[in-house]
Amino acid sequence: VSVSDTVLDSRYEDWDWIVGINFWGVVHGTKAFLPHMVERNTGSIVNVSSIFGIIAVPTQGLYNATKFAVRGMTEALRHELEGTGVHVAVVHPGGIDTNIVRNSRHRRSPDGTTDKDASVARFQKAARTTPTQAAETILRGIERREPRILIGADAKLLEKIQRSAPVRYWTILKKALQFVER
């Protein structure tokens, strides 16, 4: 789930809602299955973060916080289970053609507007990966025992930009977005 608002104007009930689903849901799922996998020394824990667990975007601070938390917990777990038969992966989808924006708690977009319909339309235009394609990529990643699974050309590009400019990536992305919107 997502919330689109500034950290300054965000509501505590939105924090509770998004953390409860996006982070605690992952923790509960991991903790439910992990002991059985460790006991059998086999299996895969595959947690879904987001490209927004690699980059942070204005008005996505609540969502970013949960997705960075999923990434951090999953990467720590991977290190803890090194040398065991349990594979641990974190998935970072880019724009997947889902209803996440349509079903979001939308208060404000990165450009400052409050028009949810415009945000939905922008997302639908940018979300080029289908859920089926995403699932196929995840399955390939599990088969290859990849620790990080990036889904979509957009996720791969954004991760490269973040790696090349870890502090300045938003400045670069903001200029690119302004160019695309013209």
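Observations
- Residues being open to solvent by 30 Å² or more (accessible area, probe 1.4 Å), among the small types (Gly, Ala, Ser) and in contact (Cβ under 8 Å) with a residue 24 or more places away in the chain - total across the range 1-50: 1
- Counting only residues that are open to solvent by 20 Å² or more (accessible area, probe 1.4 Å), in a helix (DSSP H, G or I) and of a type in the set (A, V, I, L, M), the range 51-75 holds 3 of them.
- Number of positions in the range 92-150 that are within 18 Å of SER49 (Cβ to Cβ), among the small types (Gly, Ala, Ser) and at pLDDT 80 or above: 6
- Contact annotation: no residue pair with Cβ atoms under 6 Å, 6 or more positions apart or on different chains, pairs a residue in the range 85-102 that is at positive phi with a partner that is of a type in the set (D, E, K, R) and assigned to a strand (DSSP E or B).
- Of the criteria (1) among the small types (Gly, Ala, Ser); (2) within 30 Å of ARG108 (Cβ to Cβ); (3) assigned to a loop (DSSP other than H, G, I, E, B), which one GLY25 fails: (3)
- The condition of being part of a helix (DSSP H, G or I) and buried (at least 19 other Cβ atoms within 10 Å of the Cβ) holds for only one of ALA118, ALA155, ALA176, ALA89, that being ALA155.
- Number of residues in the range 137-152 that are more than 15 Å from GLY94 (Cβ to Cβ), in a helix (DSSP H, G or I) and not aliphatic (A, V, I, L, M): the value is 2.
- Scope the range 129-150; condition of a type in the set (Ser, Thr, Tyr) and either touching a Phe, Trp or Tyr at 6+ places or on another chain (Cβ under 9 Å) or open to solvent by 60 Å² or more (accessible area, probe 1.4 Å) (or both); matching residues: THR132
- Consider the range 158-173 and keep the residues that are among the aliphatic types (A, V, I, L, M) and open to solvent by 40 Å² or more (accessible area, probe 1.4 Å). The one that is modelled with the highest pLDDT is VAL167.
- Of all residues in the range 147-174 being hydrophobic (A, V, I, L, M, F, W, C) and touching a Lys or Arg at 6+ places or on another chain (Cβ under 9 Å), the one that is farthest from GLY112 (Cα to Cα): ILE149
- Within the range 92-115, the set of residues being within 29 Å of GLU75 (Cα to Cα) and part of a loop (DSSP other than H, G, I, E, B) comprises GLY94, GLY95, ASP97, THR98, ASN99, ILE100, VAL101, ASN103, SER104, PRO110.
- Residue in the range 93-101 that is farther than 26 Å from SER10 by Cβ, over 20 Å from the mean Cα position of the chain (by Cα) and surrounded by 15 or more Cβ atoms within 10 Å (Cβ to Cβ) present: no
- Here the condition is being under 16 Å from TYR63 (Cβ atoms) and without any contact (Cβ under 8 Å) to a residue 60 or more places away in the chain; of ALA118, ALA126, ALA135, ALA176, it holds for ALA126 alone.
The values are calculated or read from the model by the stated rules, or taken from the named source; none is laboratory data. Everything numeric here is computed off the predicted structure, so don't read it as measured data. In this analysis, Cβ positions are derived from the backbone assuming ideal geometry, glycine residues included, and neighbour counts consider all displayed protein chains. Quick note on the areas: whole protein, heavy atoms, side chains included, nothing else; ligands and nucleic acids left out. Shrake-Rupley method; radii C 1.70, N 1.55, O 1.52, S 1.80 Å.
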